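Comments concern the structure below.
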Amino acid sequence: MTDFRALRLHQTDTSAPDVKIERLTKDDLSIGNVLIANEFSSLNYKDALAVTGKGKIIRDFPMIPGIDAAGVVLESSDPSFHEGEHVILTGHGVGETHTGGMSEQVRVPGSYLVKTPQALDSKKAMQFGTGGLTGMLCVLAVLDAGLKPADGPIAVSGAGGGVGGIATTVLSTLGYEVHAITGRESEHARLKELGATEILNRADFARDPKPLESTRFAGAIDTVGGQVLATLIPQIMYNGVIAATGNAGGFQFSTTVFPFILRNIRLQGVDSVHAPTEIRERAWQLLSENVTTDQLDGSTRTIGLDQVVDTAEQLINNEVSGRILIDVRA
Ligand code: NDP
């Protein structure tokens, strides 16, 4: 049986797992009816929590982390996928409960996959990765709520991160005025390049808000939660929507019902893990049509499996900007 290289996490007595790059066979992979020759994965916040042990993401060891992957079908008994087709894998517990993307081979049920849109290849797909898919799903929440560019600016929090950066890029490409919220001055120039019209300081959102404040955003995409989300809500205009997707800034949440009752504000959760196939396909298609990866090249760093641990530490310490692509064959 042919073997391949993968990064695997082993349980230890401490919260930090033992991380090894090993040669494995198909038998070491979780079950599924599609086997993929993986080309690229990406490093997301959840992967960084898993690899460093800073979050309780992995419960069954040993585990191959990596919540996404893109490659070519090697074997398939799923009638929707054929040998040689390019596919993208995200969510469904991959890299958490099902062996994941930090491996040269990946095996999953076909229902976890979408076909790679024509305009993308595996590298470009993972330049977007789960962060890009999630950013696009948040933008879809804004579009589907009927908010138009003329309605007013859209705030994006955690804009310096993977999800926030893609949301900023897509919204500005679609003609929206984006007010990017970041805690890092070093991100200002890059966010302007991605299309942000205003840069706002995260510290101004780390306060106890009033139940209702002057409104200044038609909507918001929030990737940090906590106090930032609570402070955004009373500043959203009548009929606005907030797509909330992350909790890098905390998971506690305190607000009043006033913005929801008096301004008809809608708070919509966005979770790429459970997004149905049709919505994921639509999001990938829109990403491929509206954003060229050239726009992201400057803020994408490519690493090999041997650099995952160090880069995960940097990501947890908020020292990474943009997207981290993992070339699993390097
Ligand atoms: P990144 O680490 O790339 O970005 C997170 C950003 O949040 C940072 O760049 C920083 O932005 C900001 N941030 C970090 N720490 C804090 C803090 N203590 N308080 C406030 N803001 C902070 O992560 P991703 O973009 O990959 O993910 C963002 C969030 O979205 C995470 O919580 C992640 O778990 C979640 N997520 C959810 C998905 C889903 O399907 N539900 C999928 C993917 C991600 P800046 O420096 O600009 O202030």
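The values are calculated or read from the model by the stated rules, or taken from the named source; none is laboratory data. Just so it is clear, the model here is predicted, and its values are computed rather than measured. Ideal geometry is used to build each Cβ from the backbone, glycine not excepted, and the neighbour counts take in all protein chains shown. Accessible surface is based on the protein model in full, side chains and every heavy atom, while ligands, DNA and RNA are left aside. Shrake-Rupley method; radii C 1.70, N 1.55, O 1.52, S 1.80 Å.
For this structure, a couple of remarks:
- Three-way shape call for the chain based on the alpha-carbon gyration tensor, with the a/c threshold at 1.5: prolate
- Solvent-accessible area, 1.4 Å probe, carbon plus sulfur percent, for the chain: 48
- Mean accessible surface per residue for the chain, computed with a 1.4 Å probe while every protein chain stays in place, in Å²: 42
- For the options PRO234, PRO276, PRO149, a Gaussian network treatment of the chain with springs between C-alpha atoms closer than 10 Å singles out PRO276 as fluctuating the most.
- Length gained on full extension, LEU212 to GLU319: 35.1 nm, using 0.36 nm per residue less the C-alpha separation.
- Over 24 Å apart at the Cα level, from the set LYS20/LYS56; LYS26/LYS54; LYS46/LYS124; LYS124/LYS192, are LYS26/LYS54.
- Solvent-accessible surface of protein heavy atoms, probed at 1.4 angstrom with all chains present, puts SER272, SER172 in the order SER172, SER272, largest first.
- Largest-first ordering by accessible area, 1.4 Å probe, given options ILE67, ILE316: ILE316, ILE67
- Solvent exposure ordering (accessible area, 1.4 Å, most first) of GLU177, GLU185: GLU185, GLU177
- The chain: most fluctuating residue of THR197, THR116, THR169 per GNM, C-alpha cutoff 10 Å: THR197
- GNM top mover of VAL257, VAL73, VAL178 - the chain, alpha-carbon springs below 10 Å: VAL257
- Whole-Hz Karplus values for region 297-311 come out as 3, x, 10, 10, 10, 9, 10, x, 4, 6, 9, 5, 4, 4, 5 Hz, taken residue by residue from phi with 6.51 cos²θ - 1.76 cosθ + 1.60 and θ = phi - 60°; glycine and proline positions read x.
- Per-residue SASA remark: HIS92, around 60 Å² accessible (1.4 Å probe; ligands, DNA and RNA not included).
- Sites SER111 and ILE21, calculated FRET efficiency, Cβ-Cβ separation with R0 25 Å, nearest 0.05: 0.25
- Straight-distance crosslink candidates among lysines, where the alpha carbon sits under 16 Å from LYS123 and sequence neighbours closer than 8 are dropped: LYS115
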